[in-house]
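Everything on this sheet refers to the single structure shown next.
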Amino acid sequence: MKHVGQLIKNYIETNHLKKRDVANAVGISYNYLSTIFTRPSIDCELLEKLCKATGMTTGAFFDDGGGSSKVLSDIHQQTIVGSPTISLNDPATLMALLSEKERTIQILMSAKGFENGTKSEQTK
């Protein structure tokens, strides 16, 4: 995990938020907020309150990149076959891709002796 206190402090300063307003919204003193900035970790309940007060997302505190500037409008992933980039704003492309993925799953299941989600009698 990242240094929680430093991330909160940087976010508040970068977004020109008043520390006193943040402290009041969370229900803590200004001095206590200042001590949080030095802490590498804090209580989850307090973290949630700070996120609500500042507008931060909780994903910003984890190493998986959840707090990055990625937008949910696109999904990028690596696959063995084909481009996996999906635009969630284009339903026709999404449906075509899902249909193709379902067809691939059916082919693979059939090759392994599965029919309609169950093992066929011949391969048992």
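A few points about this structure:
- Amide hydrogen neighbours beyond the local backbone of residue 115, cut-off 5 Å, H modeled: 120
- Taking 7 Å steps out from each Cα toward its Cβ at residue 108 and residue 24 produces label points 5.6 nm apart.
- Local charge for residue 42 was computed over the other residues whose Cβ lies under 13 Å away, with Lys and Arg +1 and Asp and Glu -1, and equals +1.
Bear in mind these aren't lab numbers, they're just calculated from the coordinates by the rules spelled out. As the structure is a prediction and not an experimental result, all values here were calculated from the model. Note that we place each Cβ from the backbone using ideal geometry, even for glycine, and neighbour counts take in every protein chain shown.
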